[in-house]
Amino acid sequence: MFSKCVNLLVVRVQAWLLDQFGVLHDGKKPYPGAISTLEMLATTGAKMVVISNSSRRASTTIDKLKSLGFDPSLFAGAITSGELTHQYLLRVEKHISNIFGIYMNRRDDTWFAALGRSCIHMTWSDRGAISLEGLGLKVVENVEEADFILAHGTEGMGLPSGDVRPMSLQDLEKILEICASKKIPMVVANPDYVTVEARALRVMPGTLASKFEKLGGEVRWMGKPDKIIYKSAMAMVGVDACDSIAVGDSLHHDIKGANAAGIQSVFIIGGIHATELGLDSYGEVADLSSVQTLVSKYDAYPSYVLPSFSW
């Protein structure tokens, strides 16, 4: 069912769709062997795309990788949940041909087109707030004025001034309860529940979105495991599903998403599931039966399993 080695894939995979946190780095430093593995894959002519549930824009993600010692030229680009969210929220001016020469705004996706402009913005505080510049949105504090919730982070509430009011998860969840009762929809710009940060787990916006759904709220998930982000990555490099493989450390997001998109996948066990697998250090090998139990639990089935992203 599983393999600990994907050497045979190297010569025939045309596109590697790579998660970053838990695969390439831990938010603070690259994992051992990650950079050399990317360099080796580059010699085969394979195209590598960072495919991340980060709420940051794609350019910020590439800049982050560069600051950690990764060569940006190794990547064909990045597709992030934050980038997809920005593009789907973007109001594009389109000329309507009539006697008045009227211009109007539109969003290509009908669900997004119906959202309106006013939003409750849940974002980062300590980690740096997400800018909404260029989107034409109106950030509000009063739920009564909101058309939708935009969840970029879990540390605070964006203010109309552009500042952030730090808030606890519990306080943010109280706002969600009010929004759910008023049938206000949510856009989640980072579907991850948690992420690895220097071997610790940090709560991410997907946790808020999951809570909101349990309250009866409507959520648009802009990233893994939805097929939208995989299709965008494959379109970026002009590669079909049969010639692609996704690498990630989350069974629910990375592997289940790859299953839904019909592409092969590699499960890196040293990321967010390390504790569940009883691993003490990155790169440690897990018992195969433990891995099989875990994938059954999450109903997500990788094509290959590796202790770390290294060859």
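Brief remarks follow.
- Checked against (1) in contact (Cβ under 8 Å) with a residue 40 or more places away in the chain; (2) surrounded by fewer than 17 Cβ atoms within 10 Å (Cβ to Cβ), Asp280 passes all but condition (1).
- Tally, over region 235-274, of residues that are in contact (Cβ under 8 Å) with a residue 60 or more places away in the chain and open to solvent by 20 Å² or more (accessible area, probe 1.4 Å): 4
- Members of region 40-63 found to be closer than 28 Å to Glu155 by Cβ, open to solvent by less than 10 Å² (accessible area, probe 1.4 Å) and not β-branched (Val, Ile, Thr), listed by number: Ser52, Asn53, Ser55
- Positions within region 252-289 being of a type in the set (S, T, N, Q), part of a helix (DSSP H, G or I) and at pLDDT below 95, in sequence order: Ser289
- For region 1-117, the helices (runs of 4 or more DSSP H) that sit wholly inside it and include 2 or more residues that are over 19 Å from Ala233 (Cα atoms), more than 24 Å from the chain's Cα centre (by Cα) and modelled with pLDDT under 85 are 7-10.
- Odd one out for Ile149 among (1) in contact with a helix residue (DSSP H, G or I) (Cβ under 6 Å, 6 or more places away or on another chain); (2) part of a helix (DSSP H, G or I); (3) in contact (Cβ under 8 Å) with a residue 60 or more places away in the chain: (2)
- Any hit, region 207-228, residues being acidic (Asp, Glu), under 13 Å from Cys119 (Cβ atoms) and outside any helix (DSSP H, G or I): no
- Filtered by the rule that a residue be within 30 Å of Lys64 (Cα to Cα), open to solvent by 30 Å² or more (accessible area, probe 1.4 Å) and out of contact with any His (no Cβ under 9 Å at 6 or more places or on another chain), region 118-151 gives Ser125, Asp126, Arg127, Ser131, Glu133, Gly136, Lys138.
- Of all residues making up region 212-226, the number that are surrounded by fewer than 17 Cβ atoms within 10 Å (Cβ to Cβ) and touching a residue at least 24 places away in the same chain (Cβ under 8 Å): 3
- Note on region 290-311: residues that are assigned to a loop (DSSP other than H, G, I, E, B), under 15 Å from Ser250 (Cα atoms) and among the aromatic types (Phe, Trp, Tyr) total 2.
- Evaluation of Thr154 against (1) polar (S, T, N, Q); (2) assigned to a loop (DSSP other than H, G, I, E, B); (3) open to solvent by 50 Å² or more (accessible area, probe 1.4 Å) (one fails), failing number: (3)
The values are calculated or read from the model by the stated rules, or taken from the named source; none is laboratory data. Note that the structure is predicted; figures quoted are calculated from it, not measured. Because the Cβ atoms are built from the backbone with ideal geometry, glycine has one as well, and the counts that use them run over all protein chains shown. Note: areas computed on protein heavy atoms with side chains; ligands, DNA, RNA excluded. Shrake-Rupley method; radii C 1.70, N 1.55, O 1.52, S 1.80 Å.
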